[in-house]
Amino acid sequence: MSTRSELGPRPHLGYTASLIDRAADRRIDDALLAKFAKDPRAGAYVIGGEQVVMKQRASADPLFSVADANALGAVRERIFLGLLNDAPRFGFGLDPASVEPLKTRDDLKITDLRSIAVQGLVDAAHLPPLAEAKAMLGWHARHRFCPNCGTPTRIVQGGWRRDCPNCHVEHFPRTDPVVIMLVIAGERCVLGRSPRFAATMWSCLAGFCEPGETIEEAVRREVLEEVGIVAGRVRYFASQPWPFPMSLMIGCHAEATSDTIVIDRSEIEDARWFDRKELAAMLMQRHPGGLTTPPPVAIAHHIIRDYVENGSDVFR
């Protein structure tokens, strides 16, 4: 069985450990937010749809001055993300169509956030505010009209609320909880495959929590639905914001109390049992069949690694 040293140092979990103080109490002060926007220390992350605009230097830099961000194109929404050592940080949302002409510029690099994280294109400290900005700007793009009466809504509180001027309903951003779990039976566990995965990749099972459901109930239901396995004990591992579009991944280990896999092909493409030795080879990219796990940016990688290192002790 592989030791921690053979697997190497634990990688950082993407989009977590933000250094930004969200300063939520400052969002209601429009005059202060306007002052923040003029602060010479202020910085802005610029996003158009799924694309992140970055300065192309020795390495990619996603943080622009407010003036430079405004010069890139018409800004549809501005989100106050918070303060980093008292320096204001914003998310600027461009119309996706206005990003296309920017791709011809040699001084800019434009790509999607998932590629930025997986390829390590920016310093890890930029990933949490980029995730915050992308999730919030995506929410605004999908909620321009009041779902209660259909009237165009207006942005307030630094981008953290939309108000309807007609029916006066206040609309707040939502986060969708998703359980993601590794189903364990002693020295082996179940991994599944989605048709969207790379050809070699296997991962944890996952699914959205439903209304009126606890995390544990969601884990057991999703496991039973996707692979026909009955799960007993469920232990929380860690969580990860996942800005695609705006979910919270709730990582768990679940103990299998049955053994026969029955795959729901409408949910997943395939599933099978793996032992810890095979998982270790996958984590180290030494699997004889070339099979892999998700990259370290994803919480699934960390859930799997914790089991490889600790076995059934993950339930203690």
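Here are a few things to note about the model shown:
- Per residue of the chain, the DSSP helices (runs of n ≥ 4 H) give a summed -39500 (n - 2.57) that works out to -7000 deg cm²/dmol at 222 nm.
- Projected area, mean over directions - the stretch 1-157, Cα convex hull, nm²: 12.7
- Accessible surface, the stretch 274-316, averaged per residue in Å² (probe 1.4 Å): 40
- Projected onto its three principal axes, the C-alpha set of the stretch 65-141 covers 34, 28, 24 Å, listed from the longest axis down.
- Candidate aspartates and glutamates - alpha carbon under 20 Å from K55, same-chain residues fewer than 8 apart omitted: D68, D95, E100, D106, D107, D112, D123, E132
- Reference-scaled alpha-carbon Rg (2.2 N^0.38 Å with N residues) for the stretch 102-156: 1.55
- Rolling a 1.4 angstrom probe over the chain with all protein chains present gives an accessible area of which 51% lies on carbon and sulfur atoms.
- Taking 7 Å steps out from each Cα toward its Cβ at E100 and H143 produces label points 2.9 nm apart.
- Largest accessible area first, the listed residues I155, I110 line up as I155, I110 when surface is computed with a 1.4 Å probe on the assembled protein chains.
- Reciprocal of mean inverse Cα separation for the stretch 1-80 (Kirkwood radius, Å): 15.9
- Measuring between their Cα centroids, the stretch 244-298 and the stretch 170-188 lie 14 Å from each other.
- Per-pair calculated FRET efficiency, R0 = 41 Å: N166 and R272 via Cβ, rounded to 0.05: 0.15
- Listed peptides 261-271, 56-66 by packing density, highest first (mean Cβ within 10 Å): 56-66, 261-271
- According to the Cα-based calculation, Rg over Rh for the stretch 86-241 is 1.04, with Rh computed by the Kirkwood formula.
- Cβ-Cβ distance of R235 and T111, R₀ of 30 Å, FRET efficiency by 1/(1 + (r/R0)^6): the value works out to about 0.25.
- For the peptides 225-232, 292-299, 163-170, 131-138, the ranking by mean Cβ contacts within 10 Å, running from highest to lowest, is 131-138, 292-299, 225-232, 163-170.
- Average silhouette area of the stretch 196-316, convex hull of alpha-carbon atoms, in square nanometres: 7.8
- Only one of (i) 78, 44, 43; (ii) 94, 43, 30; (iii) 60, 50, 34 was calculated from the structure for Cα extents along the principal axes in Å, and its label is (iii).
The values are calculated or read from the model by the stated rules, or taken from the named source; none is laboratory data. Owing to the predicted nature of the structure, the values given are computational and were not obtained by experimental measurement. A quick note on method: Cβ atoms are made from the backbone with ideal geometry, for glycine too, and the neighbour counts reach across all protein chains shown. Ligands, DNA and RNA are stripped out before the accessible areas are found, and what is left, the full protein with its side chains, is counted by its heavy atoms. Shrake-Rupley method; radii C 1.70, N 1.55, O 1.52, S 1.80 Å.
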